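I have placed the structure first, in the form of structure tokens, so that the comments after it can refer back to it.
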């Protein structure tokens, strides 16, 4: 909880605004993998905006209109607001409840070991989760990029079957998301690389619904 509070509510925070005009001078802030996720720096709409670093005192000196403008860009929690309840509610709002306690058979024992747990920080993602569950010890703790995941997939699986689900971008042909099936309609995955997402078990219908978006197609692979 202490780590989560520090990542969700650092003392100096980054916002992205169309223009710095009308705002106080930007402060110096610190970027870590966790705060990069907290500040949603990967959102494409921020690339054309100006970065603005503010501390809590300066933020609350802004006009109500400006505060609302900044809060609309992302979930904003300051240290004075970061109670255990607020932090827990944020984490729960970003996750599907893991249903690993309802799984009766575990074809991949390492998935059972991981399910319901959180990583030590940002980075570990869906590709590493699949590889780790399939037996690549330590892969689940890494930010596994698309290329090494693709190499592993083609070396250890064949198209068809129903062991690994891979969502691929139709334009680039690169993998976008992956999950491993446990049978009886259950799927093991990590929804994102963010510090607030856990390794989880959900239904196949849930992961298909959450990952459904334009420009993706679903492939199924059989582990060999």
**Fill in**
Mean separation of Cα contacts under 8 Å (at least 6 apart) over the residue count of the chain, i.e. the relative contact order in percent, is 21
**Prompt:** Give or take rounding to whole Å, what are the principal axis extents of the alpha carbon atoms in the chain, in descending order?
**Reply:** 60, 38, 28
**Message:** Using only the alpha-carbon atoms, how far is helix 146-156 inclined from the longest principal axis of the chain? Give it as 0 to 90 degrees, nearest 10.
**Reply:** 10
**Fill in**
One finds the C-alpha centres of the range 68-92 and the range 159-189 to be spaced, in Å, by 32
**Fill in**
A correct fewest-to-most ranking of 27, 52, 114 by other Cβ atoms within 10 Å would be 27, 52, 114
**Item:** Diffusion coefficient, µm² s⁻¹, Stokes-Einstein with Kirkwood Rh over alpha-carbon pairs of the range 2-92 at 25 °C and 0.890 mPa s
**Value:** 181
**Asked** Could you state the principal axis extents of the C-alpha atoms in the range 100-223, from the largest down, to the nearest angstrom?
**Response** 37, 31, 28
**Taking only Cα atoms of the range 29-68, radius of gyration then Dmax in Å** = 11.8, 30
**Item:** Surface/4 estimate of mean projected area, convex hull on alpha-carbon atoms of the range 86-155, nm²
**Value:** 5.6
**Asked** Which of 31, 145, 68 moves the most in a Gaussian network model of the chain with Cα springs under 10 Å?
**Response** 68
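Where a number appears in this text, it was derived from the coordinates with a stated rule and is not lab data. The structure presented is a predicted model; accordingly, all values stated were derived computationally and were not measured. With ideal geometry, Cβ positions are generated from the backbone for all residues, glycine too; neighbour counts draw on all protein chains shown.
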